[in-house]
């Protein structure tokens, strides 16, 4: 079954690694890409404001069944990556991470260093009986900006989880070590099913 995948990543540092993963679907043809932005969301936010960026992301997520976070050295530090992850969970999408730091940047021919998984820094707390999106900053867990509390369990993988940090829910694979070229479709299908899609 073809799946629509929304890719989340650090544009400035990783775009030439991201392109290699995204071109995979041209060769394999088993999924449709959604939510690919040809520029930095941070630059768009400076020009048009945060609400415009939220709208762009929200529209990109419509109809996607899976969010794939392409994890490079600094992906964890991008605020819009955290927003995309939390919004995807709110929408009940399948979610996975793929480490791409070992892919060589096509401009420089160099690989990069591994970074922290963004899933370690986002999750839910409970507030007034609702799930509150949370982000871990240097001074601790705080309410996620731009997102409201969520009623109930928007996705099956949250059922029975009181205050989950997303690293306890979502798999992270390595594109190079785990043979992403040949296994990407399997990973996407598994997380789509985990989400009941």
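The values are calculated or read from the model by the stated rules, or taken from the named source; none is laboratory data. Just so it is clear, the model here is predicted, and its values are computed rather than measured. Backbone-built Cβ (ideal geometry, glycine too); neighbour counts: all protein chains shown.
Highlighted here are the strands (runs of 3 or more DSSP E) found entirely within the stretch 1-83 that include at least 1 residues which are modelled with pLDDT of 90 or more: 3-8, 66-71. Just a yes or no: is a residue in the stretch 71-87 under 24 Å from residue 185 (Cβ atoms) and free of Cβ contacts under 8 Å to residues at least 40 places away in the same chain? Taking every residue of the stretch 71-87 in turn, none turns out to be under 24 Å from residue 185 (Cβ atoms) and free of Cβ contacts under 8 Å to residues at least 40 places away in the same chain.
If I filter the stretch 100-118 for residues that are over 25 Å from residue 21 (Cα atoms) and without any contact (Cβ under 8 Å) to a residue 40 or more places away in the chain, do I get at least one hit? Walk me through how you get there before you give the answer.
Taking the stretch 100-118 and keeping what is over 25 Å from residue 21 (Cα atoms), we get none.
Within the stretch 100-118, none of the residues are over 25 Å from residue 21 (Cα atoms) and without any contact (Cβ under 8 Å) to a residue 40 or more places away in the chain.
Give the residue, chosen from 154, 133, that is under 25 Å from residue 51 (Cβ atoms) and touching a residue at least 60 places away in the same chain (Cβ under 8 Å). So that I can check it myself, show each step before the final result.
On the way: 133 fails: touching a residue at least 60 places away in the same chain (Cβ under 8 Å).
Going through 154, 133 in turn, the sole match is 154.
If you go through the stretch 12-24 and pick out every residue that is without any contact (Cβ under 8 Å) to a residue 60 or more places away in the chain and touching a helix residue (DSSP H, G or I) at 6+ places or on another chain (Cβ under 7 Å), you end up with 0.
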